[in-house]
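Inspection log for the structure reproduced underneath, given as structure tokens.
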Number of protein chains: 2
Amino acid sequence: MPAAAEMLVEPPFERSPAPDDFQSAPDPQKHDHFIREAVDTIINEAVYKGTNRESRVVEWLSPDELSARLDLSLDRTGLSQEKLLSLVEQTIRYSVKPGHPYFVNQLFSSVDPYGLVGQWLGDALNPSVYTYEVAPVFTLMEETVLGEMRAVVGFPREGGDGIFCPGGSMANGYAISCARHYKAPHLKTQGMSGQRRMVVFTSEDAHYSIKKMAVLQGFGSDNVRLVKTDARGRMDARDLEAQVKDTLDQGALPIMVSATSGTTVLGAFDPLEEIYDVCAKYEMWMHVDAAWGGGALLSRRHRHLLKGIERADSVTWNPHKMLAAPQQCSTFLTRHASVLTDAHAANAAYLFQKDKFYDTSYDTGDKHLQCGRRADVLKFWFMWKAKGTDGLEAHIDKLFDNATYFKNMISERPGFELVLEQPECTNICFWYVPASLRSAEARSHPDYNHTLHKVAPKMKERMIQKGSLMVTYQPLRDLPNFFRLVLQNSSLDHKDMDYIIEELERLGSDL
Amino acid sequence: MPAAAEMLVEPPFERSPAPDDFQSAPDPQKHDHFIREAVDTIINEAVYKGTNRESRVVEWLSPDELSARLDLSLDRTGLSQEKLLSLVEQTIRYSVKPGHPYFVNQLFSSVDPYGLVGQWLGDALNPSVYTYEVAPVFTLMEETVLGEMRAVVGFPREGGDGIFCPGGSMANGYAISCARHYKAPHLKTQGMSGQRRMVVFTSEDAHYSIKKMAVLQGFGSDNVRLVKTDARGRMDARDLEAQVKDTLDQGALPIMVSATSGTTVLGAFDPLEEIYDVCAKYEMWMHVDAAWGGGALLSRRHRHLLKGIERADSVTWNPHKMLAAPQQCSTFLTRHASVLTDAHAANAAYLFQKDKFYDTSYDTGDKHLQCGRRADVLKFWFMWKAKGTDGLEAHIDKLFDNATYFKNMISERPGFELVLEQPECTNICFWYVPASLRSAEARSHPDYNHTLHKVAPKMKERMIQKGSLMVTYQPLRDLPNFFRLVLQNSSLDHKDMDYIIEELERLGSDL
């Protein structure tokens, strides 16, 4: 690789004349044609072609092949605008298209037109949101959107608090941090060393971020206790209580339960009212990780799935998941007015000066762990303005309608077997069983599960090589690999569901 | 406020027909005209006009006035595209313009044309970077750029590791987490409760994120010891060693020093070689927070400021600061190959399947705390491709040249007084002393400092109301409020420095 850094070691050096296009500002003379050409390519190739059913979801290359095809290396000399435009094209060409209707692979997808414009606008303004002084519009916009989201959750509109944060994992981390501070504020200065052991509870199907963030925050993974789930993947409140009692018997302090509304794999909704009762009884912070399922709150038809969420102390809700806002748009919401600030504020005098000429209660940055921070609110606010709550509701309802249709279709179809007969969310988990494995004899063979375990990876390889579909698979506990279709793109319809089913048959029937 | 959420309570409800434009996908028929109109407005108003010297840096409105002028509220019904375009215009109008040449207020600025195109491209592709499967281009791009940055630091090109993370605060948090895991890997499972107290060292002028992240991670703020700085704001290595000894005498474990290359206020560069010696002697992790000053590594003229950084265990370096990449672009770099993964991996089976058809060592997401994650690499890679290392170097050299010019000009000018006679970085800290305070009598008055303390806030209010300039002020220890000019926009030249000086005189001479 030609190393850009190689000549940086020490003077004396030969200095070439400064390049003529190095300045960090747009110059209409130098850049206008380039910017507009680039935008045109982006709109045509990434936005339209990348989301068109006639295009491939991915043009697959192995790491070695891709390295050979796309010159990623950095050099001392810059490239011409013409070459840069060709890099724009190549980047689009070899990238996976999460906005493609047949990308049903993960808990994010879509390229929402209004979200995209909101994002582009934010980029052009390049703000950092920590004080009203430098981000007046986005400061007020955040409070408006977070207030509205708290109202949707059922929290008091006034009096709670909330933040935008870089992803659901971080939002869940804020929950742990707030719970700890609420229970033991002296730890902010003293730390956990020499203190009573603290324990966090979540279900065995919860997102891995609870454990990851508890490790980061000094709890240790042994102190994240995984509560059993029932046959539908929902937290068993009796097992929760038993584990809390056991924790107390050990002399440790149970501080928090993280319930999940929409688990990552099965899409299960934990029984929030039962969990609330346990939390209330043992004085634990109740957090709901609704990163995925939170979108359903905007649907009058489906918000019953999160019944009881209004009793929680805090909620993670990612508009970039079910509501299809662009990456990233994650929120942490709490009914408590001051805990975010109390737990995190550092009162840096250089940034949060108290002698400014305006009301510095609008300088909201100190409750965040981040200092500089993007205005992730803008894209979501713009989508909400464009569609209205009615539009967001129609979006959610269509996702659930597609999920129901898909589930009904495959429940009758030879070769498809549902993991859950009654999935609750817009994840549908199922096995595709090739013809060769459908006989009673094949099914009773001791290697059946082992063989079935290998089917989904093989089909996944084929769909990616072909570029016709992306749907993920995974094992769960002792279950062999199964597919998980995830729907959050509301431009899909029943015909697309039919296509996905038929394409899976084309990919797997001969296995 | 009309509450979008109000009708969400319970059925029975009246359902209005679904709006006709709610889907999360671009439709050329419905959206093409809107998208192109919006982009045109964004380019003309935010990119060009927002960075033009003839425009205002900010059109100031108080929170109440802004709320009255810009309708942020969310409603059940969506808006027409025409109204949305007007919201685009209003958002631009009332936002501060960090890309404006006279925004010299913070450690970020500029709207780099190539960075912007890179950002827009990333938005249109809407990726999440955790597996090669869904982000092939960005996975390889990250490794290329991080490898190049490690080479620039002087780390071994092969064998180290690095990540993009959401801001320098988080990057510093990764350093603490890695240091702890390196010293005491058993804490990952066991947690800090019942363990020996651990202590982190940084200077009294270091960024507040060290304390904030240490609090988050269970150390407690009492266990962040602030080392004295010398007259130039640089960490005093003798005081460091004394405090380390004291910590050991107390029976606690010193685990890490976070040195700073380019402090937030004074722009000081800590003496890395001396600090390294103390770290080596007491077996502490040496971290360098070069979030701000790291850009100087790309200049053969100025990289001596960070001499010794190549000995560190880890480095925070934010290209969105001195290199003027768009927000956010932050990296954490380490010479250790496995510590990021060892400290953070959770091995989620649903995402990091080991039975994929490609080499899953390219699935790099598990070393991050975030799960879903934006491709912040793209904009910076694209800038580096466009300008080459020579262009980035020319950018850095111009910033330092402007800083030197500004410093020289004000050191001769009546009314201006430097806080540091020899600033090392592109922050220039100074007082503006109005004519009324310049006499020997005024200076010897017991209230002099108190009176001077109020000058900068008043001038700041005036410049914001006028929209002519944004430069921040702050106190430091017992020093009264002083201005801090920060340069990272390389489109500024000596004439702009003259303008800033003259504008400060216009704003403050009568005080």
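Could you pull out every one of the helices (runs of 4 or more DSSP H) wholly within region B:433-511 that has 3 or more residues that are of a type outside the set (Gly, Ala, Ser), under 19 Å from B:Val419 (Cα atoms) and at pLDDT 95 or above?
Numbers: elements: B:440-444, B:448-453, B:455-466, B:494-508.
In region B:433-511, the matching helices (runs of 4 or more DSSP H) lie at B:448-453, B:455-466, B:494-508.
Does region A:69-84 hold any residues that are more than 7 Å from chain B (Cβ to nearest Cβ) and of a type in the set (S, T, N, Q), and which are they?
A:Ser80, A:Gln81, listed by residue number.
Could you check region B:352-389 and list, in sequence order, the residues that are more than 7 Å from every other protein chain (Cβ to nearest Cβ), closer than 17 Å to B:Gly294 by Cβ and of a type outside the set (Phe, Trp, Tyr)?
Answer for region B:352-389, where residues must be more than 7 Å from every other protein chain (Cβ to nearest Cβ), closer than 17 Å to B:Gly294 by Cβ and of a type outside the set (Phe, Trp, Tyr): B:Asp376, B:Val377, B:Lys379, B:Met383.
Please specify each residue of region A:41-68 satisfying the condition of being within 21 Å of A:Ser468 (Cβ to Cβ), more than 9 Å from every other protein chain (Cβ to nearest Cβ) and part of a helix (DSSP H, G or I).
Within region A:41-68, A:Lys49, A:Glu65 qualify.
Tally time: how many residues in region B:208-235 are assigned to a loop (DSSP other than H, G, I, E, B) and either facing chain A (nearest Cβ under 10 Å) or buried (at least 20 other Cβ atoms within 10 Å of the Cβ) (or both)? If you could, list the steps in order and put the result at the bottom.
Step one: of region B:208-235, the residues assigned to a loop (DSSP other than H, G, I, E, B) are B:208, B:217-220, B:228, B:230-234.
Still in the list and also either facing chain A (nearest Cβ under 10 Å) or buried (at least 20 other Cβ atoms within 10 Å of the Cβ) (or both): B:208, B:217-220, B:233-234.
Within region B:208-235, residues that are assigned to a loop (DSSP other than H, G, I, E, B) and either facing chain A (nearest Cβ under 10 Å) or buried (at least 20 other Cβ atoms within 10 Å of the Cβ) (or both) number 7.
Test of understanding: among A:Leu125, A:Leu146, which residue is over 30 Å from A:Leu487 (Cα atoms) and either within 7 Å of chain B (Cβ to nearest Cβ) or modelled with pLDDT of 95 or more (or both)? Give the derivation first.
Working: A:Leu146 fails: over 30 Å from A:Leu487 (Cα atoms).
Going through A:Leu125, A:Leu146 in turn, just one is over 30 Å from A:Leu487 (Cα atoms) and either within 7 Å of chain B (Cβ to nearest Cβ) or modelled with pLDDT of 95 or more (or both): A:Leu125.
Which condition from (1) within 12 Å of chain B (Cβ to nearest Cβ); (2) in contact with a helix residue (DSSP H, G or I) (Cβ under 9 Å, 6 or more places away or on another chain); (3) within 25 Å of A:Trp60 (Cα to Cα) is the one that A:Leu479 breaks?
With respect to (1) within 12 Å of chain B (Cβ to nearest Cβ); (2) in contact with a helix residue (DSSP H, G or I) (Cβ under 9 Å, 6 or more places away or on another chain); (3) within 25 Å of A:Trp60 (Cα to Cα), A:Leu479 is out only on (3).
Take B:Ser436 and decide whether it is of a type in the set (Ser, Thr, Tyr), surrounded by fewer than 15 Cβ atoms within 10 Å (Cβ to Cβ) and in contact (Cβ under 8 Å) with a residue 12 or more places away in the chain. Steps first, please.
Numbers: of a type in the set (Ser, Thr, Tyr): yes; surrounded by fewer than 15 Cβ atoms within 10 Å (Cβ to Cβ): yes; in contact (Cβ under 8 Å) with a residue 12 or more places away in the chain: yes.
Yes; evaluated as a whole, the condition is true for this residue.
Can you tell me which residue within region A:192-204, out of those that are surrounded by fewer than 24 Cβ atoms within 10 Å (Cβ to Cβ) and out of contact with any helix residue (DSSP H, G or I) (no Cβ under 7 Å at 6 or more places or on another chain), is modelled with the lowest pLDDT? Quick ask: steps written out before the conclusion?
Residues of region A:192-204 that are surrounded by fewer than 24 Cβ atoms within 10 Å (Cβ to Cβ), as a first pass: A:193-197, A:204.
Retained after the next criterion (residues that are out of contact with any helix residue (DSSP H, G or I) (no Cβ under 7 Å at 6 or more places or on another chain)): A:193-194, A:196, A:204.
On the way: A:Ser193: 97, A:Gly194: 90, A:Arg196: 97, A:Glu204: 98.
Looking at the filtered set, the residue picked out is A:Gly194.
How many residues are more than 18 Å from B:Met170 (Cα to Cα) and at pLDDT below 90 when one looks only at region A:341-353?
Initial filter on region A:341-353 (more than 18 Å from B:Met170 (Cα to Cα)): A:342, A:349-350, A:352-353.
If we keep only those that are at pLDDT below 90 too, we end up with A:349-350, A:352-353.
Counting residues in region A:341-353 that are more than 18 Å from B:Met170 (Cα to Cα) and at pLDDT below 90 gives 4.
Conditions (1) within 20 Å of the chain's Cα centre (by Cα); (2) of a type outside the set (Asp, Glu); (3) at pLDDT 95 or above; (4) under 18 Å from B:Leu74 (Cα atoms), marked per residue:
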site: A:Asp355; (1), (2), (3), (4): no, no, no, no
site: A:Asp359; (1), (2), (3), (4): no, no, no, no
site: A:Lys367; (1), (2), (3), (4): no, yes, yes, no
site: A:Asp376; (1), (2), (3), (4): yes, no, yes, yes
site: A:Lys379; (1), (2), (3), (4): yes, yes, yes, yes
site: A:Met383; (1), (2), (3), (4): yes, yes, yes, yes
site: A:His395; (1), (2), (3), (4): yes, yes, yes, yes
site: A:Ala403; (1), (2), (3), (4): yes, yes, yes, no
site: A:Lys407; (1), (2), (3), (4): no, yes, yes, no
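Considering only region A:236-354, give the helices (runs of 4 or more DSSP H) lying wholly within it that have at least 1 residues that are buried (at least 21 other Cβ atoms within 10 Å of the Cβ) and among the aromatic types (Phe, Trp, Tyr). Walk me through it before giving the result.
Details: elements: A:237-249, A:272-282, A:339-344.
Passing ranges, in order: A:272-282.
Considering only residues that are charged (D, E, K, R), closer than 12 Å to B:Ala324 by Cβ and either out of contact with any Ser or Thr (no Cβ under 9 Å at 6 or more places or on another chain) or more than 8 Å from every other protein chain (Cβ to nearest Cβ) (or both), which ones fall in region B:390-411? Walk me through it before giving the result.
Within region B:390-411, the subset charged (D, E, K, R) is B:390, B:393, B:397-398, B:401, B:407.
If we keep only those that are closer than 12 Å to B:Ala324 by Cβ as well, we get B:398.
Within region B:390-411, none qualify.
Looking only at region A:102-122, which residues are outside any helix (DSSP H, G or I), facing chain B (nearest Cβ under 7 Å) and of a type outside the set (Ser, Thr, Tyr)? Step through it out loud before you land on a result.
Going through region A:102-122, the residues outside any helix (DSSP H, G or I) turn out to be A:102-112.
Pick out the ones that are also facing chain B (nearest Cβ under 7 Å) and you get A:105-106, A:108, A:110-112.
Those that are outside any helix (DSSP H, G or I), facing chain B (nearest Cβ under 7 Å) and of a type outside the set (Ser, Thr, Tyr): A:Asn105, A:Gln106, A:Phe108, A:Val111, A:Asp112.
How many residues are farther than 16 Å from A:Glu133 by Cα, of a type in the set (A, V, I, L, M, F, W, C) and within 7 Å of chain B (Cβ to nearest Cβ) when one looks only at region A:334-351? Outline the logic, then answer.
Looking only at region A:334-351, we keep the residues that are farther than 16 Å from A:Glu133 by Cα, and these are A:334-347.
Remaining after also requiring of a type in the set (A, V, I, L, M, F, W, C): A:337, A:339-340, A:343, A:345-346.
Filter again for within 7 Å of chain B (Cβ to nearest Cβ), leaving A:346.
The qualifying residues number 1.
The values are calculated or read from the model by the stated rules, or taken from the named source; none is laboratory data. Because the structure is a prediction, the values reported are computed rather than measured. Counting neighbours? That spans all protein chains shown, and the Cβs are built from the backbone with ideal geometry, glycine included.
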